[in-house]
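Heads up, the thing below is written out as structure tokens.
The values are calculated or read from the model by the stated rules, or taken from the named source; none is laboratory data. Quick caveat: nothing in here was measured; it's all calculated off a predicted structure. When we count neighbours, we look across all protein chains shown, and the Cβ atoms used for this are built from the backbone with ideal geometry, even at glycine. Quick note on the areas: whole protein, heavy atoms, side chains included, nothing else; ligands and nucleic acids left out. Shrake-Rupley method; radii C 1.70, N 1.55, O 1.52, S 1.80 Å.
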Amino acid sequence: MKPITFHIFVHNDVTLSDRVLALQYFKDFTDEISAITGRTFKFNLLRNIPGVTDFNYTSKSAQEVADRWMAVAAAYKNANNLGWTQTERYILVINGKINDQVLGAAIPRKPALIASVSSYQVIAHEVGHSFTATHEDAEIGWNPWGIPCETYVYPEVSAARANCYRYTRQNREHIVNYLKDAP
């Protein structure tokens, strides 16, 4: 089975180290996706690429930003002879917000997405959407300490709740079904 490849474009405004990004923003959810799909991951962390990591991600329309990022990611893919498959993702990691309310943008079944580091679950949330996970199948649960927590694709981040660090059973099924026919 082909691994899932993440081309991670770290926006110039993100000052977090590669180690912090890996351990705090990617490890938990990629471990879960590996466990439920049997696929491994390859990470290609990219910084300081003119025309890519300086992308203007602010807009009133998250759809407009997602469309523009899709075009930039496709151009990068073409220039570097990369794939554009079910198992490849082109993730722009940003520091801020797309607008006052939106922390990320992903289109189901499309390989390019944008996600902010302003909250730990945003990257997992947007990757989940790109693998067909839905808000409707997300939920509030309880962590081992008895604190209410949000599963990865819960629609609204709240400082009053913890991160559950997991997808729901239904969203795991969406992810498995999306990837099952990929080589």
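Things worth noting here:
- Checking the stated criteria, Leu23 turns out not to satisfy the condition of being in contact with a Phe, Trp or Tyr (Cβ under 8 Å, 6 or more places away or on another chain), surrounded by fewer than 19 Cβ atoms within 10 Å (Cβ to Cβ) and modelled with pLDDT of 95 or more.
- Top-ranked residue in the range 106-134 [being over 8 Å from the mean Cα position of the chain (by Cα) and open to solvent by less than 10 Å² (accessible area, probe 1.4 Å); ranked as farthest from Leu45 (Cα to Cα)]: Ala133
- Among all residues of the range 66-85, there is none that is modelled with pLDDT of 95 or more and within 23 Å of Asn163 (Cβ to Cβ).
- For the range 36-47, the count of residues that are of a type in the set (Gly, Ala, Ser), closer than 21 Å to Tyr178 by Cβ and in contact (Cβ under 8 Å) with a residue 24 or more places away in the chain is at least one.
- Residues in the range 36-53 that are in contact with a strand residue (DSSP E or B) (Cβ under 9 Å, 6 or more places away or on another chain) and open to solvent by 50 Å² or more (accessible area, probe 1.4 Å) were compared, and the one that is farthest from Arg109 (Cα to Cα) is Asn48.
- Of the criteria (1) open to solvent by 70 Å² or more (accessible area, probe 1.4 Å); (2) at pLDDT below 95, which one Asn177 fails: (2)
- So Lys77, is it over 20 Å from Val153 (Cα atoms), in a loop (DSSP other than H, G, I, E, B) and of a type in the set (D, E, K, R): no
- Some residue of the range 54-66 being within 23 Å of Thr151 (Cβ to Cβ), open to solvent by 50 Å² or more (accessible area, probe 1.4 Å) and not in a helix (DSSP H, G or I): no
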